[in-house]
Amino acid sequence: MGLSAAGMASGLDIAGMTQQLVAAERKPKADRITTQQKQVNVSLSAYGQVKSSVSAMQSMLEKFGKDEAFNGQKATSDNSDYLSIKATAKAKSGVYNINIQQMAQSHKLMGEELFSADPEASLGSGEMVIKVGDKSMTLNIGEDNDDLSSVVDAINNADDNPGVTATLINTGEEGGSKIVFSTTETGEKNTIEIDTSAMTGQLASLAYNADMPAAERKVDQMQAAQDAKIMIDNFTTVSSSNNTFEDVIEGVTLDLKKLTGTSGSENPETDDIDVKSVKITIESDEKSTKDSLKSFVDSYNSLMGTIDKLTGFDADKDPDDPNRAGALNGDSLTRSVTTQMRNLLNEPIEINGKLYQMSDFGISIQRDGTLELEEDSDKLDDIISENFAVIGQFFAKEDSGFLAKADKLLDSFTDKTDGSLSVKEETLKERQKSLDDDMTDLNKRMVAYEDRTYKQFLAMDEAIGQMNNQLSSMMSLMMSFD
């Protein structure tokens, strides 16, 4: 409350006395809450840093798993204009020559007749059945959708469209446009058939299937449906419905770009192409493994550095120095992160009946708990080359590899629901809110205390005024007797 000048009867500074009493009453309680708030805020920030560092390492390990960082295969094409290549960890080292004999194509048809673009022009009615491969749809054309634009929209927007697109080509001829049908997918199986036997009008001319006599067709095939074909090492021919070949060579994906050349085929289009084949090479990606080992060591040491800073104690600093001890000095939860990670690093993993540890791959654990990677680059290269397959299994083996074990361990700290660091953060946030509520309650109590104290001083001032008045009256009365 706002205090006015009072104490006119007693001469006392009632407002000042009230404020001093309130301040004396409030200070120890407010100081206690403020101190606790600061402690909670510091702890919350420190745990946030630990959790962030743990999460960063966990994200890196998850990325390692997705990228096959420790057992990747490097695949190269000597002419990526014709063929590009990707390889997974399943790929085996080898060299192959690829002849691209045929590119996959979609099926394209064009109606011979010209169709008027006049929205008032009726092109026919009835059922049109369009089939692509083993899928089909039936369109019902009536008075409300028998103009050219509506027919094309009905084909393209049908919910059960089997994979065909209708477009219009203006040939420049007087009378309108021609309709072109094309499949959305390539391959021999994706051929178009159009049944208009139940239709009337000009739309009936769009009937097409491969078995129709040429004389009866009024639809031309612009492009045949076609599979892609390649020959591997001039020996094995394989095909694909599209221009991507997956696992024809185990773990390898080939993406065709254009035809390679031929020799003596009497086809000038391919005989004149200088590139007759594309050489692909698949080999162990040892450089990627080396880089990944370095990243792993750096990330782990960064995590340990963060934890060491927050839990450390510097006895050389003055006892009153607030930086003498880290915010989490002596914290058992944070120590648990380092202890369990060190135990995991020392845990051997069985590969093909033999036990391996980090030290087998040039990674040693130092006395301070950090990791060190073999500094001699040539020695590290030799270690990776000699143990490439084993390194991949050590880190990436499903369920029992280091990445899987580390992810499970780190998740026990960072999981949003029951991770121990997450739970600790939530507990501190609840404590933070509770202290904020305590400060709010204290402020409310102090307002009431101030109001009550001020009123008590006013009552005292009024009583003193009455006493002074009575005393003055008595003195006047006594003086009147003289």
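The values are calculated or read from the model by the stated rules, or taken from the named source; none is laboratory data. These numbers were taken from a predicted model, which means no experiment stands behind them. Here the Cβ positions follow ideal geometry from the backbone for every residue, glycine too, while neighbour counts run over all protein chains shown. The area values use the complete protein model at the heavy-atom level, side chains included, leaving out ligands, DNA and RNA. Shrake-Rupley method; radii C 1.70, N 1.55, O 1.52, S 1.80 Å.
Shape class of the stretch 1-121 from the Cα gyration tensor (axes a ≥ b ≥ c, square roots of the eigenvalues): oblate, since a/c reaches 1.5 or more and a/b does not exceed b/c.
Rolling a 1.4 Å probe over the protein heavy atoms gives the chain an accessible area of 56 Å² per residue.
Scaled against 2.2 N^0.38 Å for its residue count N, the alpha carbon radius of gyration of the stretch 202-256 is 1.78. Of the residues Ser434, Ser106, Ser476, the one with the largest accessible area comes first in the ranking Ser476, Ser434, Ser106, computed with a 1.4 Å probe on protein heavy atoms.
Remark: the Thr171-Ser59 segment gains 34.6 nm on full extension, using 0.36 nm per residue and subtracting the alpha carbon distance. Accessible area of Lys257 (1.4 Å probe, protein heavy atoms only, ligands and nucleic acids ignored): about 100 Å².
Of all alpha-carbon pairs in the stretch 310-411, indicate the percentage at a distance above 19 angstrom.
57 percent
The charge dipole of the chain, taken about the Cα centre with unit charges on the Cβ atoms of Lys, Arg (+1) and Asp, Glu (-1), comes to about 2460 debye, rounded to the nearest 20.
Over the C-alpha atoms of the chain, the Rg to Rh ratio, Rh being the Kirkwood estimate, stands at 1.32.
Give the peptides 169-177, 151-159, 91-99 in descending order of average Cβ contacts within 10 Å, highest first.
91-99, 151-159, 169-177
Per-residue surface analysis assigns Thr35 an accessible area of about 70 Å², computed on protein heavy atoms at 1.4 Å probe radius. Taking 0.36 nm per residue of separation and subtracting the current Cα-Cα distance, fully stretching the chain between Gln101 and Asp318 would add 70.1 nm.
List the GluC sites (Glu not before Pro) within the stretch 245-335 that fall in a DSSP loop (any state other than H, G, I, E or B) and whose Cβ has at most 16 other Cβ atoms within 10 Å.
Of the GluC sites (Glu not before Pro), the ones in loops of the stretch 245-335 whose Cβ has at most 16 other Cβ atoms within 10 Å are Glu250, Glu266.
Temperature 25 °C, viscosity 0.890 mPa s: under these conditions the Stokes-Einstein estimate for the stretch 377-444, based on its Kirkwood radius over C-alpha pairs, is 155 µm² per second.
The heavy atoms of Thr244 offer some 50 square angstrom of accessible surface to a 1.4 angstrom probe.
Shape class for the stretch 122-225, computed from the alpha carbon gyration tensor (a ≥ b ≥ c): rounded, with a/c under 1.5. Projecting the Cα atoms of Tyr96, Ser125, Tyr82 onto the charge dipole of the stretch 32-129, computed from C-beta unit charges around the Cα centre, puts Tyr96 farthest toward the positive end. For the chain, the share of accessible area belonging to carbon and sulfur comes to 46 percent (1.4 Å probe, ligands and nucleic acids excluded).
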